[in-house]
Amino acid sequence: MRDDLNFETRTREIPIWCLFFISPTRFVFEIANSIQIQVWSIVFLALSACLLILDEVFHYRSWPRGVLLGFIWLIPASRIVEIGYAFLADAFGYIAGQPKRRKLTPVQRLQLLGISYVETSLNFALIYLSFPSSSFHLPISSSMQAWYFSWMTVTTTGYGDFTPQTDLARFSCMVEVGIGLMLIVIAVAVYLSAKQNTFPATDSELLSSDAKSENDICPR
């Protein structure tokens, strides 16, 4: 029997056949149904980093349009959708009082958020590398430039040395900023929730704790 503390719950809001077209990676995760979410995230973090480095060899922008679109849909776009959906659904479920989708400790949640944050920047860097050179006022011509621009975007720093010039590039930047802000907000919420849980939850527990402290100091 598996330990449900480390496994993601199944996606109930989207039919499985539709999930394949929206996010192939999530579809595989659902079919396998026995993969730890932490392991799944680390594997794709490493894969995204390797694919970004390999652009120096394969030059994805030069690939045939159909092959390039298939590659983007299969991995980076799929993972972006999966990460955004998973954390957003988790947050709305928590607000609605539903059982947590992931039964993880606060530390594990923060670790998963950090991994997803970095992976999101890598996946968007892969997408930017696939855009035509004219998509930015200064062409993004290397893996490091793509990741640099993606990191400046997801962290909302925006130095302005690279700026999008086409609607598709601008829309991609808007999506990345939105996901980045969402992950930061959820990370802060997880941290504050963990801090609150270190204190008694009710007045009766607080009074009980005070009484116990007084007995420890002044034993009868």
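Bear in mind these aren't lab numbers, they're just calculated from the coordinates by the rules spelled out. What you see is a predicted model, and the numbers here were worked out from it, not measured in a lab. Neighbour counts are summed over all protein chains in view; Cβ atoms, including those assigned to glycine, are modelled from backbone coordinates with ideal geometry.
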The stretch 109-123 - phi-based ³J(HN,Hα) in whole Hz, Karplus 6.51/-1.76/1.60, Gly and Pro as x: 5, 5, 4, 5, 5, x, 4, 5, 5, 5, 5, 4, 5, 5, 5
Space enclosed by the convex hull of the alpha-carbon atoms of the stretch 4-213, per residue, Å³: 147 Å³
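Using Cα pairs under 8 angstrom and six or more residues apart, how large is the relative contact order of the stretch 4-213, in percent? Display every interim value, and only then the final one.
Working: 197 pairs, mean separation 45.9, N = 210.
RCO, the stretch 4-213: 22 percent.
Run through the stretch 52-135 and list the trypsin sites (Lys or Arg not before Pro) located in a DSSP loop whose Cβ has at most 11 other Cβ atoms within 10 Å. Can you show the working numbers first?
Numbers: sites: 61, 65, 79, 100, 101, 102, 103, 109; in loops: 100, 101, 103.
For trypsin sites (Lys or Arg not before Pro) across the stretch 52-135 that sit outside H, G, I, E and B with at most 11 neighbouring Cβ atoms in 10 Å, the list reads 100.
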The stretch 43-161: radius of gyration and largest Cα-Cα distance (Dmax), Å: 16.2, 49
For residue 136, distant residues with modelled amide H under 5 Å away: 165
